[in-house]
Amino acid sequence: MGTYKDILKDKVVVITGTTSGIGKEMAKLFASQGAKVVGSGRREELGQEVVRDIKYSGGEAIFVKTDVTDPSQIENLIETAVKTYGHIDILVNNAAYEPNKLFIDNTYEDYRKVIDTNLGSYVMASIYALRHMKAQGHGKILNINSVTAVQQVPGVGMYSLAKAAITNLTKVIALENAKDGIRCNEINPGLILAGEFEKPEVREWAKDAIEKMTPVGRLGTVEEIAHAALYLLSDEADFCNGTSLFVDGGRRLI
Ligand SMILES: NC(=O)c1ccc[n+]([C@@H]2O[C@H](COP(=O)([O-])OP(=O)(O)OC[C@H]3O[C@@H](n4cnc5c(N)ncnc54)[C@H](OP(=O)(O)O)[C@@H]3O)[C@@H](O)[C@H]2O)c1
């Protein structure tokens, strides 16, 4: 897919959660388009494997082991990017997990874990990155959100609370920082062949739901999300600010 070249040439791109799924695909695509990728996640071996793949293909990347529930580790991720490459052009907030539990069954610990991982990390990474972006007079932040920001499904209520808040976070950053040359947008994927859906038994179990919940009748791919992200991070998308791009096969319409 795609024949464009050097869309992110020499851009320093920090991505949270590059050890698997959508984050891993974005890291590889962005590096192939000339970006210097700063990947992160808790699983160091998988993260270093992605760096090796990128370097083998002639790209540039480093991995910074990071647990995004710890703000000091997020700050270290941003500062390591700046120390290594001199500045930060782009932050992609992507790291998250999707617990499946009816709302009534959540404990206080469940609530805190979802909010700290899926929302708190987006908030703090944005604040740390914005300080550099404002000083240098340019930058882009992309939040990987979810169709569940606007559509409820039983069992993902707590996850969707964090996702709904990310839409407002995107708008707040877009509104307050546009005059400083900073853009912030979000992508709202529908069901994607990543995360839990990589397990064949989960795909089989969810087959009917996938067909019923998505008008196009299939899961999306990580490549489809990564290419949407590439567009929103390109200079050609500079008039997009505070935008939600749904890449969901029409799921939000059901
Ligand atoms: N797959 C879908 O159908 C779908 C649909 C809508 C939205 N999304 C969104 O897309 C994004 C990526 O999800 P995915 O499907 O690609 O899932 P995934 O394959 O499970 O990847 C999640 C990534 O987040 C990282 N992560 C999770 N908790 C972390 C923590 N505490 N500290 C640091 N990193 C952490 C993981 O790295 P480590 O485990 O190594 O820490 C991993 O790299 C998420 O924001 C998700 O909500 C996915």
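Going 7 Å from the Cα of GLU109 toward and past its Cβ, which residues in the range 150-171 have a backbone nitrogen under 15 Å from where you end up? Counting backbone N atoms under 15 Å from the label point, the list is empty.
For VAL153, VAL13, VAL222, what ranking results if the residue with the fewest other Cβ atoms within 10 Å of its Cβ goes first? Listed from fewest to most nearby Cβ atoms, that is VAL153, VAL222, VAL13. Within the range 202-240, list the residues whose amide N lies under 13 Å from a label point set 7 Å along Cα→Cβ of ILE254. Output list for this probe position: 206-220.
Sorting LYS140, LYS65, LYS9 on the 10 Å Cβ count, fewest up front, what's the list?
Placing the least packed residue first, the sequence is LYS9, LYS65, LYS140.
Report, in whole Å, the centroid distance computed from the Cα atoms of the range 79-94 and the range 189-212. Centre-to-centre distance over Cα atoms comes out at 33 Å.
Given the pairs LYS36/LYS113; LYS65/LYS163; LYS55/LYS113; LYS5/LYS55, which span a C-alpha to C-alpha distance of over 28 angstrom in this model? Long pairs (Cα-Cα over 28 Å): LYS36/LYS113; LYS55/LYS113.
Neighbour counts of other Cβ atoms within 10 Å put PHE246, PHE63 in the fewest-to-most order PHE246, PHE63.
Extension gain, ASP53 to LYS207: 0.36 nm times the residue separation minus the Cα-Cα distance gives 52.2 nm. Extension gain for the segment SER234 to LEU102, taken as residue separation times 0.36 nm less the Cα-Cα distance, is 43.6 nm to one decimal.
What full-extension length gain, to one decimal in nm, is calculated for ASP10 and ALA164 as 0.36 nm per residue of separation minus the Cα-Cα distance?
Result for the pair: 52.2 nm of gain on full extension.
Estimated purely from DSSP H runs of n ≥ 4, each contributing -39500 (n - 2.57), the mean residue ellipticity at 222 nm for the chain is -13500 deg cm²/dmol once divided by its residues. Overall, the chain carries a charge dipole of about 300 debye about its Cα centre when +1 sits on the Cβ of Lys and Arg and -1 on the Cβ of Asp and Glu, all other atoms neutral. The calculated FRET efficiency for LYS83 paired with THR243, based on their beta-carbon distance and R0 = 35 Å, is about 0.65. Over the C-alpha trace of the chain, radius of gyration and Dmax come out as 17.3, 50 angstrom. Site pair GLN152 and ASP180 shows an inter-label distance of 3.6 nm when each label is modelled 7 Å from Cα along Cα→Cβ. Using just the C-alpha positions of the range 83-165 as equal point scatterers, what log10 of I(q)/I(0) does the Debye formula give at each q in 0.14, 0.15, 0.23 1/Å? Ignoring solvent entirely, the Cα scatterers give -0.54, -0.60, -1.03.
Which whole DSSP H helices in the chain pass both tests: a Cα extent of 20 Å or more along the axis and a mean Kyte-Doolittle value no lower than 0.0? Those that clear 20 Å and a mean of 0.0 are 121-136, 157-177.
Read the figures in this text as sums done on the coordinates, not as results from a lab. Bear in mind that the values here come from a model prediction, so they are computed numbers and not experimental data. In this analysis, Cβ positions are derived from the backbone assuming ideal geometry, glycine residues included, and neighbour counts consider all displayed protein chains.
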